[in-house]
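Some notes on the structure that comes next.
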Amino acid sequence: MDIKEIYHLITWGGIFHLRGDCMNYDILLNLIDTHNEASIIATKRFQPKEVVFICDKDNDTDIQLEGLRKYYSRNFPNIIFVTKVIEKLDIESIKAIVEKYKNNKVLINLTRGQRLNSLILLHLAKQYNFPCVYLDIENKKLTSFNEDVINIVDEEFEDLNIKDMIESIGGSIIVDSMESNSNDIIEKLIDLISNNLDTWERLKHRLYDPKVFIHNEADPTVMGLDMSLLTEEEINIYNSILKLLKNQNQIDYIIEHEQYVNIKFLNNYIKTFIFKSGSWLETYTRKVIERIQQVNDVKSGMLFLWDDEQSRVKNELDVVAIKDTVLICISCKDSGKYDEVALNELNVYAHQLGGEEVIKILVATKMPLKKPVLERAKEMGISVVIFDGNRDSFEEKLRKIVLR
């Protein structure tokens, strides 16, 4: 490269960076994709007057466009949302669209879409002298193209959260347990279980024995505990847990006679947390993921709705996180009783929300009862992480998977 070329690169790079920050673009032109997070981030970054999505007709186009249209209406009410649906994406049809905007200030986003179509747009951008951008969100780089110049600058893109991601593809979150599980007593219970996993394995089956814990159907806040059926070890442990919960203002209890306890729950969530299988592992896993600095947003116990062609489908994931617009979907099993059905469920839900780039993890406290499950998980791209009581090892394994 000679001096003239270097000067051209430096001066054009500076002009483009100024335009990216200050110039008001009429149009941000995008190719629609299964997931359009980069287009949303580009919209936030450049604030065009109008955003245009180009796509061809397929079975999922209508649902996808409707979800995206609703998202833009809620989050960018001052930006005009336009779709260009054509029979087939080829150079002539794409050129016909670009031609209509030749007298506007157009910025072309090359971040998503099939590679051939992105190359077609890049070729047309050069023909019409339109600047282009590519957002490398993971590495925080903004690449601009104009004429024969490529300019790469560092860029701190605005993060999307999980709600943004799901709503942009036509879904919606119904429930997540984030607000409920952030108090001190939950932390104490998680520490007790995770630091004493062998003891927990011996005791947990008692929680689901209706002869030991007697639920009151008329009043869900009331429960009986018959200690006459417990071992001495179990009695000592349950007595210590009762005292802990009472000291933390989670329950009141009365010992009617030596071996029967009447319990009154003062916090409905704590009862659900204790008696819902795997809830401690779900919350512990969420807290591990939450501590990873590069993770932008985390939710646990997430129930979400998904549009298909016939109806609204309700799905659930134990832990969902986001890192640089890549979703992390985690299923938690406090046992070894998981099989191909559990893997398929995780695989389907994760693909719905995160597409091909999603990170899929199944966390369990034991190896699967069926050996082929691990091989099947590998085939599906699902990482299986076993928590055997070693917290440091467990947390490091999750960290490596998330940051890979």
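The values are calculated or read from the model by the stated rules, or taken from the named source; none is laboratory data. These figures come from a predicted structure and were not determined experimentally. Quick reminder, even Gly has a Cβ in these numbers, built from the backbone with ideal geometry, and neighbours come from all protein chains shown. Areas reflect the complete protein model, heavy atoms only, side chains present, ligands, DNA and RNA absent. Shrake-Rupley method; radii C 1.70, N 1.55, O 1.52, S 1.80 Å.
Condition first: surrounded by 14 or more Cβ atoms within 10 Å (Cβ to Cβ) and assigned to a loop (DSSP other than H, G, I, E, B). Can you find one or more residues in segment 340-354 that meet it? No, because not a single residue in segment 340-354 is surrounded by 14 or more Cβ atoms within 10 Å (Cβ to Cβ) and assigned to a loop (DSSP other than H, G, I, E, B).
The test for being within 26 Å of residue 33 (Cβ to Cβ) and not in a helix (DSSP H, G or I) holds for residue 170. Could you tell me whether any residue of segment 366-384 is in contact with a helix residue (DSSP H, G or I) (Cβ under 8 Å, 6 or more places away or on another chain), open to solvent by less than 40 Å² (accessible area, probe 1.4 Å), of a type in the set (S, T, N, Q) and modelled with pLDDT of 90 or more? Yes, some residue in segment 366-384 is in contact with a helix residue (DSSP H, G or I) (Cβ under 8 Å, 6 or more places away or on another chain), open to solvent by less than 40 Å² (accessible area, probe 1.4 Å), of a type in the set (S, T, N, Q) and modelled with pLDDT of 90 or more.
Per the conditions (1) open to solvent by 60 Å² or more (accessible area, probe 1.4 Å); (2) over 29 Å from residue 290 (Cβ atoms); (3) among the hydroxyl-bearing types (Ser, Thr, Tyr), the sole criterion not satisfied by residue 260 is (1). Among the residues of segment 287-326, how many are assigned to a strand (DSSP E or B) and modelled with pLDDT under 80? The total comes to 8. Residue selection: residue 290 satisfies the criterion of being under 18 Å from residue 359 (Cβ atoms) and open to solvent by 40 Å² or more (accessible area, probe 1.4 Å). Picking from residues in segment 387-404 that are outside any helix (DSSP H, G or I) and in contact with a helix residue (DSSP H, G or I) (Cβ under 8 Å, 6 or more places away or on another chain), the one that is most open to solvent (accessible area, probe 1.4 Å) is 388. For segment 201-228, a residue qualifies if it is assigned to a helix (DSSP H, G or I) and either on the phi > 0 side of the Ramachandran plot or within 35 Å of the chain's Cα centre (by Cα) (or both), and the qualifying residues are 201, 202, 203, 204, 205, 206, 207, 208. For residue 55, the stated conditions do not hold, so it cannot be described as crowded, with 16+ Cβ neighbours inside 10 Å, touching a Leu at 6+ places or on another chain (Cβ under 6 Å) and not small (Gly, Ala, Ser). Out of the residues in segment 83-95 meeting the condition of being under 35 Å from the mean Cα position of the chain (by Cα) and among the acidic types (Asp, Glu), tell me which one is least open to solvent (accessible area, probe 1.4 Å). Per the criteria, the residue is 90. Using the structure shown, decide if residue 43 is part of a helix (DSSP H, G or I), open to solvent by 10 Å² or more (accessible area, probe 1.4 Å) and either closer than 23 Å to residue 172 by Cβ or modelled with pLDDT under 85 (or both). Criteria not met by residue 43.
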